[in-house]
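See structure below.
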Amino acid sequence: MNLEPRRLRAPTTTAGPLIAVRLNVLTRKTLGGLQTDLHGRVLDAAGQPVPGLYAAGEVSRFGGGGMHG
């Protein structure tokens, strides 16, 4: 796919339905999730890696800190 990027624009009309949602940092983060080791392996209740199971991002208890990716 060779798509050109598009910018988000404000609606050109005020006719509804429009909604507004206030977002806070904590409403966008799980602040929990699967426990992982430094290799991304998911750990079981005993702290041992589950064979073949990996996790990354917010599902792996990533809490933010201003960096995503």
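Of note:
- Residues that are in contact with a Gly (Cβ under 9 Å, 6 or more places away or on another chain), modelled with pLDDT of 75 or more and of a type in the set (A, V, I, L, M, F, W, C) do occur in the stretch 50-58, at least one of them.
- For the stretch 2-41, the tally of residues that are touching a helix residue (DSSP H, G or I) at 6+ places or on another chain (Cβ under 7 Å) and modelled with pLDDT under 65 stands at 2.
The values are calculated or read from the model by the stated rules, or taken from the named source; none is laboratory data. Values in this document were obtained by computation on a predicted structure and should not be read as measured data. Don't worry about glycine lacking a Cβ; one is built from the backbone with ideal geometry, like all the others, and counts go over all protein chains shown.
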